[in-house]
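A short worksheet on the structure shown next.
Values quoted throughout were computed directly from the atomic coordinates according to the rules given, and no laboratory measurement underlies them. Note that the structure is predicted; figures quoted are calculated from it, not measured. Positions of Cβ are generated from backbone atoms using ideal geometry, with glycine treated the same way; all protein chains shown enter the neighbour counts.
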Amino acid sequence: MRNDDDNVILKLTFAFSLKIIEFTELLETKKKYNVANQLFRCGTSIGANVKEAQNAESKPDFIHQMKIAAKEGDETEYWLLLCKQSVNYPDTEKLLEDLLVINKVLSKIIASSKN
């Protein structure tokens, strides 16, 4: 069985998913259901796609799966920025900082995997 304990991107995206779950639950208490749903789906999808990439059938498959994770990261950023700019929404600054780190790591992984 594969040991993922030292896999930085898996750790980062799993921790981020937990924070997204907590944030979207907070949004739901404020009756922001539509945004919470969208943010939950894309925010947790980043880690799900990274996890799926660990079982890629080939290098191109791995790169493709990581690119999907990166796209989900972009969508997550969009929803977090909407929250940041909207009235009566919780602070998203820490989530945006965490997402920036994740996006940088994903970009490095994709670039280095292409070589």
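Quick look at the numbers
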read-out: Contact order normalised by residue count of the chain, Cα under 8 Å, 6+ apart, percent; value: 26
read-out: Residue order, fewest to most surrounding Cβ atoms within 10 angstrom, among 80, 27, 18; value: 18, 27, 80
read-out: Residue-count net charge about residue 115 - beta-carbon cut-off 12 Å; Lys, Arg +1, Asp, Glu -1; value: +3
read-out: Residue order, fewest to most surrounding Cβ atoms within 10 angstrom, among 61, 6; value: 6, 61
read-out: Those trypsin sites (Lys or Arg not before Pro) in region 28-65 that DSSP places in a loop and that have at most 15 other beta carbons within 10 Å; value: 30, 31
read-out: Nearest-20 debye value, region 8-114 charge dipole, Cβ charges on Lys, Arg, Asp, Glu; value: 140
read-out: Cα-based reach from residue 11 at 25 Å (exclusive), listing lysines while leaving out same-chain residues under 8 positions away; value: 19, 51, 59, 67, 71, 94, 104, 108, 114
read-out: Percent breakdown of C-alpha pair distances by 10 Å bin, ordered from the shortest bin, for the chain; value: 14, 46, 27, 11, 1
